[in-house]
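The values are calculated or read from the model by the stated rules, or taken from the named source; none is laboratory data. Fair warning: this is a prediction, and the values are worked out from it, not measured in the lab. Cβ: placed from backbone, ideal geometry, glycine included. Neighbour counts: every protein chain shown.
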Amino acid sequence: MPDTQPNIEIRINDERKFFYPREGSLLQALKKENIFVPSACGGRGICGLCRVRVTAGAPRDLTEQERTHLGEDEIRNSFRLACQVALGASGGTEGSLRVEIPRSYFEAREFRATVADIRALTSDIREVRLELVNPKNISFKCGQYIQFRIPPYAGHRKILYRAYSIASPPSQDSSIELEIRRVRVGLGTTYIFDHLKKGDAVAFNGPHGEFFLHETGKPLVMIAGGSGMAPMKSMLCHMRDCNLARPVRYFFGARSRADLFYLDLMREFERCLPDFKFIPAVAALQPGEQWEGESGRIDEVVARRMEDNFKGEAYLCGSPAMIDACRNVLAQKGVTDDRIFYDKFA
């Protein structure tokens, strides 16, 4: 018989337990307990990041989102998406939930910060700089992301979280920079573009993510588009700050000439990093735009410009379609899957 108690017992790694009302999802319950499981889509089941192992008490039937994101081995080993494990009385959970998570999830923290600056990089990308208040410092790996708290606003009553990559280097640990691209009718970016102001108090949790620079010394190919610039900028600043001498070819795709940004910073990297080349590409010129650089989709540019039998590592950040197209090109260039690291924007 289903458990009719008002609260459900949740045990984490057999070392921590708490009780939570029978409502919402396991992801929400963990967040309430200050256990911050990665989630780039705000709990909609789109990103597939909030994988946890539920060894007892979970609903037997997987949701459509779980069947999309979980592999057969993961399903056999009781992995679920935390956002899809419903805790309500009709959700199918029975008795107590037993959950296993990586210990790194305990290390993510909630931070309070102040908006120090907001500036437009393009018509739809903004740079947001946050000065930390409590705690005053953050430790992260270049390439990781935070989950930004979106408070209720303008008729939206729920607290939401949205994932944004950190654009600043780990050496600047008292503040972080974000590069945020506006999503049409997106609840998170609508708040950031239309309501967030300099001086506002904000909150976020992190750091999160397994996408980060591996300091192997191997040559690098970086591929990004739009706000996918953020983790690449963090990595390049880190290389500059730590005097890391690695050959880097950075391919960056933009829709038009007006969508290119940080060109001066990229030229600075070309001067201060020993073997760095920035290769921007414009998909299509707008009327009146002048451009003498590469044109076309970024995967096409990579195919034309990248060397064959590449022995280094590739780091990608952008839309799922862009990532998939570039992975195909990289495979043709001899880059094996174990040397390709990427973040997909859901």
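Listing for the model above:
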{"read-out": "Any hit, the range 292-305, residues being farther than 16 Å from ILE223 by Cα, out of contact with any Pro (no Cβ under 9 Å at 6 or more places or on another chain) and outside any helix (DSSP H, G or I)", "value": "yes"}
{"read-out": "The range 213-243, subset out of contact with any strand residue (DSSP E or B) (no Cβ under 8 Å at 6 or more places or on another chain) and not charged (D, E, K, R), residue farthest from ARG126 (Cα to Cα)", "value": "GLY217"}
{"read-out": "The range 38-72: number of residues that are basic (Lys, Arg), in contact with a strand residue (DSSP E or B) (Cβ under 9 Å, 6 or more places away or on another chain) and assigned to a loop (DSSP other than H, G, I, E, B)", "value": "0"}
{"read-out": "Residues of the range 247-279 satisfying the condition of being in a loop (DSSP other than H, G, I, E, B) and in contact with a helix residue (DSSP H, G or I) (Cβ under 7 Å, 6 or more places away or on another chain)", "value": "TYR262, LEU273"}
{"read-out": "Those residues of the range 91-131 which are among the aliphatic types (A, V, I, L, M) and either touching a helix residue (DSSP H, G or I) at 6+ places or on another chain (Cβ under 6 Å) or in a helix (DSSP H, G or I) (or both), in sequence order", "value": "ILE125"}
{"read-out": "The range 151-173, subset modelled with pLDDT under 95 and of a type in the set (A, V, I, L, M, F, W, C), residue surrounded by the fewest Cβ atoms within 10 Å (Cβ to Cβ)", "value": "ALA154"}
{"read-out": "Residues satisfying the stated conditions in the range 151-172, i.e. without any contact (Cβ under 8 Å) to a residue 60 or more places away in the chain and assigned to a strand (DSSP E or B)", "value": "TYR153, HIS156"}
